[in-house]
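Heads up: the structure comes next, in structure tokens.
The values are calculated or read from the model by the stated rules, or taken from the named source; none is laboratory data. Note that the coordinates shown come from a computational prediction; the quantities given were computed from them, not determined experimentally. Positions of Cβ are generated from backbone atoms using ideal geometry, with glycine treated the same way; all protein chains shown enter the neighbour counts.
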Amino acid sequence: MLSSGKISRTTEFKHLSKRSPTESLQSEALGTCKERIVAVLEQIQSVADEVGIPMSKLVIAWILKNPIITAAILGASSTEQVEENCRTTEININNETYRKPDKLTEYVEASLYS
């Protein structure tokens, strides 16, 4: 959801989590967390624009290029989305592009669900 562009500064987080639909995610802590995440996502979107691919594909390619990642766990809501995610393995981002989101997320320790 984050990398698909579905979350922005104006997103309301009421019952966003499927894990806990009865909890409201509106809180001061979430607001601060959301601002940090959205700021990083906006910068990652700029990197995706630079290389001419959607942010979701850049993020998947970035994760797959990380040498400490042994398996990427991706969510999908349709067969088409699974197939599209699999085609992302054909994207090979160069080291310079890889380092940009890597550097942007270096100190981000935030979750919308915790």
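Here are the numbers for this structure:
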| read-out | value |
| --- | --- |
| Of all residues in the stretch 60-74 being touching a helix residue (DSSP H, G or I) at 6+ places or on another chain (Cβ under 7 Å) and of a type outside the set (Phe, Trp, Tyr), the one that is nearest to GLU90 (Cα to Cα) | ALA61 |
| Flag for THR10 being of a type in the set (Ser, Thr, Tyr), more than 12 Å from the chain's Cα centre (by Cα) and at pLDDT 80 or above | no |
| Any hit, the stretch 95-110, residues being among the small types (Gly, Ala, Ser), touching a residue at least 24 places away in the same chain (Cβ under 8 Å) and surrounded by 17 or more Cβ atoms within 10 Å (Cβ to Cβ) | no |
